[in-house]
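Visitor: Following this message is one structure expressed as structure tokens.
No lab work stands behind these numbers, since they all come straight from the coordinates. Everything numeric in this text was worked out from a predicted model, so none of it was measured. Every residue, glycine as well, gets a Cβ built from its backbone with ideal geometry; the counts of neighbours run over all protein chains shown.
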Amino acid sequence: MSGFHASVITLYPEMFPGPLGVSLSGKALEDGLWRLETLFLRDFGRGRHRAVDDTPAGGGAGMVLRPDVVAEAVEAVSPEGDARPRLLLSPRGRPLTQARVRALADGPGAVLLCGRFEGVDQRAIEHCRLEEVSIGDYVLSGGELAAMVLIDAVVRLLPGVMGNPLSGAFESFETGLLEHDHYTRPRDFAGRAIPDILLSGDHAKIEAWRRENARALTGARRPDLLAGRRGHD
Ligand code: SAM
């Protein structure tokens with residue numbers, strides 16, 4: 001059994017496993033290739049109403065998750081000595097990349113704190129050494145979907161999850177390029193044919209075509225990736 005163990009701290013545990021419970025990740029969960037645990041943040045709330053948030057110091061809109069509540073939850077699920085990284089899903093975080101996903105997949109798991117409202121008290125972030133991770137330059141209403149995105153990306157890389165272990169190796173971002181175009185049957189569709197070379201059986205030429213196609217696509221859509229790749233080939 002793989003050691004990948006995801007612990008998600010959330011105000012909405014009922015959202016899990018959600019989409020992670022179907023298809024590749026769902027089957028892998030069932031097969032014990034990874035483990036998912038949710039922790040209900042409100043269980044650590046204060047007072048009769050189990051309050052987890054309070055008004056922002058300095059005023060302003062929205063509410064902020066309390067540091068004492070967050071720290072207790074994080075420490076309950078990830079005591080001293082737990083080697084797993086503690087991640088806070090946050091639009092302020094470092095953008096998630098395939099390289100980071102692969103590093104996480106090679107590790108023991110992750111503790112994922114899902115923010116809500118305006119965010120988390122800064123002292124909890126520092127005290128618990130939470131690493132802020134963003135899934136993109138837009139704002140979601142909560143960290144749960146972001147946590148699912150991260151977990152899904154990791155789980156599909158775990159040994160035994162994908163049918164063909166090579167299918168992950170040449171995908172978008174793995175080589176520093178976006179992936180080449182794909183085609184399948186029928187040979188002609190709506191007046192468009194599959195490029196002849198892909199039907200030629202000449203594997204060297206097919207490889208060269210795919211490399212060139214990927215490079216052109218990446219140049220058109222993500223020149224930033226090409227720039228970061230200079231010197232690779
Ligand atoms: N006030 C925050 C800001 O401007 O940075 C946004 C808070 S957002 C409404 C609530 C929660 O959703 C965040 O604490 C975070 O956990 C999650 N979230 C929103 N956008 C995200 C993103 N792009 N990546 C990861 N998590 C995100």
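Visitor: Under the definition of Cα pairs under 8 Å and six or more residues apart, what whole-number percent is the relative contact order of the chain? If you can, show how the numbers build up before the last one.
Guide: Details: 347 pairs, mean separation 45.1, N = 233.
Once divided by the residue count of the chain, the mean separation gives 19 percent.
Visitor: I've got another one for you. How high is the relative contact order of segment 1-113, in percent, with contacts defined as C-alpha pairs under 8 Å that are six or more residues apart? Working shown, then result.
Guide: Numbers: 145 pairs, mean separation 37.4, N = 113.
About 33 percent, as a whole number.
Visitor: Just name one of THR175, LEU199, PRO223: the one whose Cα is farthest towards the positive end of the charge dipole of segment 170-228 (beta-carbon charges, Lys/Arg +1, Asp/Glu -1).
Guide: LEU199
Visitor: Return the single residue from ASP188, ASP106, ASP202 with maximal mean-square fluctuation; model: Gaussian network over the chain, springs between Cα atoms under 10 Å.
Guide: Residue with maximal mean-square fluctuation among ASP188, ASP106, ASP202: ASP188.
Visitor: Among GLU179, GLU80, GLU72, which one shows the biggest mean-square fluctuation in a GNM of the chain, springs joining Cα atoms closer than 10 Å?
Guide: Looking only at GLU179, GLU80, GLU72, the largest GNM fluctuation is found for GLU80.
Visitor: In debye, nearest 20, what is the charge dipole magnitude of segment 1-72 about its Cα centre with +1 on Lys and Arg Cβ and -1 on Asp and Glu Cβ, if you could check?
Guide: Rounded to the nearest 20 debye, it is 140 debye.
Visitor: Shape call for segment 60-162 from the C-alpha gyration tensor, a ≥ b ≥ c root eigenvalues: rounded (a/c under 1.5), prolate (a/b greater than b/c) or oblate?
Guide: Values: a/c = 2.33, a/b = 1.37, b/c = 1.71.
Oblate, because a/c is 1.5 or more while a/b does not exceed b/c.
Visitor: Would you work out the relative contact order for segment 170-228, in percent, from Cα pairs under 8 angstrom that are 6 or more residues apart?
Guide: Once normalised by length, the contact order is 40 percent.
Visitor: When the dipole is taken about the Cα centre of the chain, and only Lys, Arg (+1) and Asp, Glu (-1) are charged at their Cβ, what size is it in debye, to the nearest 20? Walk me through the intermediate numbers first.
Guide: Details: 28 positive and 32 negative charges, 81 e Å.
Using only the charged Cβ atoms, the result is roughly 380 debye.
Visitor: Something else: Find which of MET148, LEU33, GLY45 sits farthest along the positive direction of the dipole of segment 4-155, computed with +1 on the beta-carbon of Lys and Arg, -1 on that of Asp and Glu, about the Cα centre.
Guide: Value: MET148.
Visitor: Once you have a ≥ b ≥ c as the square roots of the Cα gyration tensor eigenvalues for the chain, tell me rounded if a/c is under 1.5, and otherwise prolate or oblate according to whether a/b is larger than b/c.
Guide: The shape class here is prolate.
Visitor: Counting only DSSP beta bridges with both residues in the chain, what percent are antiparallel, rounded to the nearest 5?
Guide: Roughly 20 percent of the beta bridges in the chain run antiparallel, per DSSP.
Visitor: I want to verify a result. In a Gaussian network model of the chain, Cα cutoff 10 Å, which of these has the top mean-square fluctuation: SER200, SER141, SER90?
Guide: Among SER200, SER141, SER90, the largest GNM mean-square fluctuation belongs to SER200.
Visitor: Once you have a ≥ b ≥ c as the square roots of the Cα gyration tensor eigenvalues for segment 170-228, tell me rounded if a/c is under 1.5, and otherwise prolate or oblate according to whether a/b is larger than b/c.
Guide: prolate
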